[in-house]
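Reading through the structure tokens given below for one structure.
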Amino acid sequence: MPQPHRVQSGILVNLDSPVLFDCGSGVLPRLLNCASIGHVFLTHLHLDHVADVMSLIKAKWLCESHDLRIYGPSGTREWISRVFDAYPYMLGRMNIEVFEMADQDRVSLGRYEIICAKTAHGMPSLGYGIADEEGRVRVVYSGDTEPVKSIAVLGNGADLLIHECSFPDSVPDVTNHTTPRMLGEMMAGVAVGRIILTHLYPHTIGFEDEMVATVHEYCGCDVTIGEDMETVVLDSGP
């Protein structure tokens with residue numbers, strides 16, 4: 001949920017070219033060169049993850065960058081069609097391809113491969129892993145989800161897991177999302193280099209240090225709270 005120093009969900013990964021994962025409200029103004037983005041991967045279709053997609057499409061058109069591939073779970077193609085129905089003046093102005101993905105589907109992007117993992121969010125939803133040219137998964141992004149084995153398996157051996165942690169443990173009966181203890185229990189014994197906690201609801205304000213400590217207690221790896229415009233640089237690997 002937006003706060004004065006935060007916007008909604010969006011993660012830009014520089015592979016051979018920039019790839020955007022989710023595009024919630026406020027993400028577009030944070031993109032320094034939206035024309036360079038040719039691939040967008042959506043974890044699910046809730047508004048806080050897709051609100052700026054149409055704004056991105058129009059911005060690319062205004063920049064005379066007319067090609068865009070959008071990947072997402074079941075329902076993505078119909079959603080895009082309905083968005084264009086609301087803005088018919090944009091029809092035919094862009095070359096947009098939409099791909100509906102499923103668990104374990106893979107997309108090759110130059111030297112890298114995007115791996116899809118089914119998640120649990122009460123609607124069709126996916127997490128994504130990014131594998132290098134050696135086939136090793138380097139980064140995993142959960143999107144919104146309850147703890148699921150597919151993300152833990154995908155993250156085993158990864159350098160970085162970006163995982164939602166929407167509520168502190170003091171909020172009871174959390175479903176469709178994850179708390180620190182739930183995440184820690186899921187990742188206990190999983191070899192991951194670092195975990196960044198994202199998708200923080202206002203309920204987490206004031207509990208950030210406690211949340212980090214709880215996840216670290218289970219996992220033993222470096223755990224931090226994600227910050228808007230934060231840059232993480234991974235080494236080239238072994």
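The values are calculated or read from the model by the stated rules, or taken from the named source; none is laboratory data. Keep in mind that what you see is a predicted model, and the values were worked out from it rather than measured. Ideal geometry is used to build each Cβ from the backbone, glycine not excepted, and the neighbour counts take in all protein chains shown.
Which residue out of Glu134, Glu185, Glu217, Glu208 is in contact (Cβ under 8 Å) with a residue 60 or more places away in the chain, among the charged types (D, E, K, R) and farther than 24 Å from Pro73 by Cβ?
Numbers: Glu185 fails: in contact (Cβ under 8 Å) with a residue 60 or more places away in the chain; Glu217 fails: in contact (Cβ under 8 Å) with a residue 60 or more places away in the chain; Glu208 fails: in contact (Cβ under 8 Å) with a residue 60 or more places away in the chain.
Within the list Glu134, Glu185, Glu217, Glu208, the selection yields Glu134.
Given the criterion among the basic types (Lys, Arg) and within 25 Å of Thr198 (Cβ to Cβ), identify the matching residue among Arg93, Arg82, Arg106. Working first, answer last.
Numbers: Arg93 fails: within 25 Å of Thr198 (Cβ to Cβ); Arg82 fails: within 25 Å of Thr198 (Cβ to Cβ).
Step by step, each of Arg93, Arg82, Arg106 is checked, and only Arg106 is among the basic types (Lys, Arg) and within 25 Å of Thr198 (Cβ to Cβ).
Counting residues that are within 18 Å of the chain's Cα centre (by Cα) and in contact (Cβ under 8 Å) with a residue 60 or more places away in the chain, which strands (runs of 3 or more DSSP E) fully inside the range 13-78 reach at least 2?
Qualifying strands (runs of 3 or more DSSP E): 18-21, 39-41.
Output the number of residues of the range 162-176 satisfying the condition of being closer than 19 Å to Ala117 by Cα and either in a loop (DSSP other than H, G, I, E, B) or among the polar types (S, T, N, Q) (or both).
Initial filter on the range 162-176 (closer than 19 Å to Ala117 by Cα): 162-165, 175-176.
After this cut, where a residue has to be either in a loop (DSSP other than H, G, I, E, B) or among the polar types (S, T, N, Q) (or both) as well, the list is 165, 175-176.
Adding up the residues that qualify gives 3.
Please work out if Val19 is modelled with pLDDT of 95 or more, surrounded by 17 or more Cβ atoms within 10 Å (Cβ to Cβ), touching a Leu at 6+ places or on another chain (Cβ under 6 Å) and of a type in the set (A, V, I, L, M).
no
Could you list all residues from the range 96-127 that are within 22 Å of Arg181 (Cα to Cα) and outside any loop (DSSP other than H, G, I, E, B)?
Ala117, Lys118, Leu126, Gly127
Is at least one residue of the range 25-42 crowded, with 22+ Cβ neighbours inside 10 Å, farther than 14 Å from Lys60 by Cα and not hydrophobic (A, V, I, L, M, F, W, C)?
Looking through the range 25-42, none of the residues is crowded, with 22+ Cβ neighbours inside 10 Å, farther than 14 Å from Lys60 by Cα and not hydrophobic (A, V, I, L, M, F, W, C).
Please count how many residues of the range 28-57 are of a type in the set (Ser, Thr, Tyr) and in contact with a helix residue (DSSP H, G or I) (Cβ under 9 Å, 6 or more places away or on another chain). Explain how you work it out, then say what you get.
Keep residues of the range 28-57 that are of a type in the set (Ser, Thr, Tyr), which gives 36, 43, 55.
Filter once more, so that each one left must be in contact with a helix residue (DSSP H, G or I) (Cβ under 9 Å, 6 or more places away or on another chain): 43, 55.
Result for the range 28-57: 2.
Please determine whether any residue of the range 218-237 is assigned to a helix (DSSP H, G or I), over 19 Å from Thr43 (Cα atoms) and of a type in the set (Gly, Ala, Ser).
no
Could you list, in sequence order, all residues of the range 156-209 that are more than 19 Å from Gly127 (Cβ to Cβ), surrounded by 15 or more Cβ atoms within 10 Å (Cβ to Cβ) and among the polar types (S, T, N, Q)?
Hit for the range 156-209 is Thr204, nothing else.
Inside the range 172-203, can you point out the residues that are touching a Ser or Thr at 6+ places or on another chain (Cβ under 8 Å) and β-branched (Val, Ile, Thr)?
If the condition is that a residue be touching a Ser or Thr at 6+ places or on another chain (Cβ under 8 Å) and β-branched (Val, Ile, Thr), then Val174, Thr178, Thr179, Ile195, Ile196, Thr198 are the ones that fit.
Determine whether Val137 is out of contact with any strand residue (DSSP E or B) (no Cβ under 7 Å at 6 or more places or on another chain), farther than 23 Å from Val7 by Cα and either buried (at least 23 other Cβ atoms within 10 Å of the Cβ) or not polar (S, T, N, Q) (or both).
No: the conditions fail for Val137.
Give Tyr201, Tyr218 a once-over and let me know the one that is aromatic (Phe, Trp, Tyr) and within 24 Å of Cys23 (Cα to Cα).
Exactly one of Tyr201, Tyr218 is aromatic (Phe, Trp, Tyr) and within 24 Å of Cys23 (Cα to Cα), namely Tyr201.
Can you go through Thr214, Thr231, Thr224, Thr198 and tell me which one is over 18 Å from the mean Cα position of the chain (by Cα), of a type outside the set (A, V, I, L, M) and at pLDDT 95 or above? Spell out how you get there, then give the answer.
On the way: Thr231 fails: over 18 Å from the mean Cα position of the chain (by Cα); Thr224 fails: over 18 Å from the mean Cα position of the chain (by Cα); Thr198 fails: over 18 Å from the mean Cα position of the chain (by Cα).
Checking each option against the conditions leaves just Thr214.
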